[in-house]
Structures are given as structure tokens and as C-alpha cells.
1. Go through D275, D108, D259 and list them by solvent-accessible area, largest first, probe radius 1.4 Å.
2. GNM on the chain, C-alpha springs below 10 Å: top fluctuator among L254, L297, L14?
3. Give me the one-decimal nm value for the distance between modelled label points at Q296 and K180, 7 Å along each residue's Cα-to-Cβ direction.
4. Taking one equal scatterer on every alpha-carbon of the stretch 103-279, how large is log10 of I(q)/I(0) by Debye at q = 0.08, 0.10, 0.14, 0.19 1/Å?
5. For the stretch 221-329, place one equal point scatterer on every Cα, skip the solvent, and apply the Debye formula. What is log10 of I(q)/I(0) at q = 0.12, 0.20, 0.23 Å⁻¹?
6. Under the 0.36 nm per residue contour assumption, what length would be gained going from the current alpha-carbon distance of D167 and S287 to full extension?
7. Report the residue, chosen from P172, P122, P139, that carries the largest GNM mean-square fluctuation when the chain is represented by alpha-carbon nodes joined by springs under 10 Å.
8. When the dipole is taken about the Cα centre of the stretch 1-138, and only Lys, Arg (+1) and Asp, Glu (-1) are charged at their Cβ, what size is it in debye, to the nearest 20?
Amino acid sequence: MPDQKKQVLLLGPLKPVVMSGLESACIVHKVHAAKDRDAFLAEHADVRAIACSATTEKIPGSFMERFPNLEIVASFGVGYDHMDAKWAGAHGVILTNTPGVLNEEVADTALGLLLCTVRELPQAERYLRAGKWRERDYPLTRATLRDRTVGLVGMGGIGQAIARRLDAFGVPVVYHTRQKRAHLPYRHYANLIDMARDVDVLLAIVPGGAATANMIDAKVLDALGPDGILINMARGSVVDEPALIKALQDKRILAAGLDVYAKEPNVPPELIAMDNVVLCPHLGSGSVYTRARMDQLVVDNILAWAAGKPPLTPVAETPWHSWGRAAMR
Ligand code: 8YV
């Protein structure tokens, strides 16, 4: 009988780092390659490990339930709102994500998006390409980073990497989280509206999911005000997208820079039509270098499990004490 510890179900694209890493020690059942997905899942219902190579693969409790022996789901991405962590915690299934290895890349992208939005660099580039510079200079930008305070919504590893960059730029940073991070030198706001009122830029970098859904709504945008700029590097779900569109159209805020959307990859045509927004296609961590490190962490979590060791990066809801599910049985 084949060793069950070495059987892994792979959900999502067959990425080279994931494939070669898993296949070095395990038998990999590739859902992506299956002709009849349901039949394939039923055939492999006895697996104890699932690797997931994309955050676009949804993993609700009803999916995990189909694998009665499931012990671990190792997923790609630091965000894990595509998985039901509460269900996993209650059923002794360990979930892992890929924190840390993408912090600097996402922080770089956040600063790029902030600068592009404040100084209108993509708009100015379009202007040059359209041959308009020969007619007259691009207008001076209404916004500058020079007189702005940035309010970070969220202050995890990526938020702190963004704050360090802003320190170097000489831009004051404050932040909103549920709990104050006592070791940080930045002013903490327990109330998001209070912070929005005091700053000129809101930069969202909180986890997605129910706890943060639509937390940046019309009230927060109005508190940010007509000179305010919103940057979203978190999840589309964090911002009330129709309220944002309305606030931009009515000039109740100045501009927005977005890397994430409510229904990716669909971007509302109203946003595409507006000139005071900079739109990126969810590429915060999207370099070959960083994605390979994220892929490798998916592999390393599975290989640790296969070797009977603790997973490297379990999510908060499923801390490792022993082999969760095995211990619960
Ligand atoms: C991923 C991300 O690249 O890690 C995350 O949570 O948002 C990004 O780094 C993204 O999920 C890819 O779709």
C-alpha cells in the first residue's frame, strides 16, 4: 500500500517550483490536470495533505470536509481569506500560508503605487506617448507627498515594511489596528474614522475576510476628505467599491491607487474611465523572485509535514500543537 504521508493533492496551477519541490518527496495528484474534477477528488478523498498554488482556489469547509483524513492545507499567498480557517481550526486541520517572504516586494509596490497616484506618473506617461508634451508641459500635480501624513490601515509585516520606507522618505506615518503595537514608534488610532480625518492618505494593508469587509466605506472616505488619497494593497473586500467610485466621481476624495478589486479580474468600468485613479492588476508580490519564494514555502510546509515535523508557517487560527486532526481522533 502506498505511503499516505507522501500523497499530496495539488490544487491550482502546476508551477515549476511547486511541482519539482513536491515531487522530490511525494506523489502529487494534480487536480488541474483532471478531466472530471469531482470524480478525481472523490478518487483521492483519502489524502491527508493538500497543497494550493493560488489564492484564486476557494477552500471552504465544505471542500475540506470531502477529505476525512485531511491534516494540512498548505496554501500560496500571505492572505488566506480564500480558505475557511475557522472550520479548519475547529476540525483539527492545519492551514499554512506564505508570510514574510513577500513583505519587501509588496512594500516596494505599495510605494510605487503611492508615488504614481500622488505624482500622476502613469497619466504623465500617457500624455507624453500621445505627443501632447510638444504642445505644452504636463500640468503641475495638485498633490505631493511633501505635505502628507500616511495612515496605514493594518500594521503587520508588510505594513511595517511600508512604514520603514515612508520613514526614509520623511513622510509621517500613523496607523489603525484593533490592537496597538506597543513596540512601534507610530501613533496608533483605535478608531479608523478618527485617523481618516487626521491624514491625507489612507493605505490599506489589512487581511481580507469578514472582519475587515467594507471597513473603508463612505463615512471613512468622507472623513478622508477632498484632498484625500486612498491606496489599496490589501483585498478588494476591504473597501466598499461602489462607495469609492461615488466618492471619486463626486470629488469627495482626490484620487485612488488600487492593486485589488472586489471581483477580480473584473475592474469596474467606472474606475477604468476615471483619470484620477491608478489601477494595477493585483501584482503586489508579482516578481519571479518573490513568487518563487512563496512557492517554495508552500513546498517546505508540505515537506515538513511529510517528515513528521511541525509546519513552518501555520495561520493564527490553526496553531500547531501536535498532529491536530490525528490527535483529535
Ligand atoms: C498574491 C497576495 O500574489 O499573498 C497574497 O495574499 O495578495 C499576493 O501576494 C496574490 O494572492 C496572487 O493572486
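The values are calculated or read from the model by the stated rules, or taken from the named source; none is laboratory data. In this text, all values refer to a predicted model and were calculated from it rather than measured experimentally. Methodologically, a virtual Cβ is constructed for each residue, glycine included, from the backbone with ideal geometry; neighbour enumeration extends over all protein chains shown. Each accessible area value is taken on the protein alone, full model and side chains, heavy atoms only, with ligands, DNA and RNA left out. Shrake-Rupley method; radii C 1.70, N 1.55, O 1.52, S 1.80 Å.
1. Highest to lowest solvent-accessible surface, that is D275, D108, D259.
2. L14
3. Spacing of the two 7 Å Cα→Cβ label points: 3.9 nm.
4. -0.23, -0.36, -0.71, -1.31
5. The Cα Debye sum returns log10 ratios of -0.62, -0.98, -1.18.
6. 40.8 nm
7. P139
8. 380 debye
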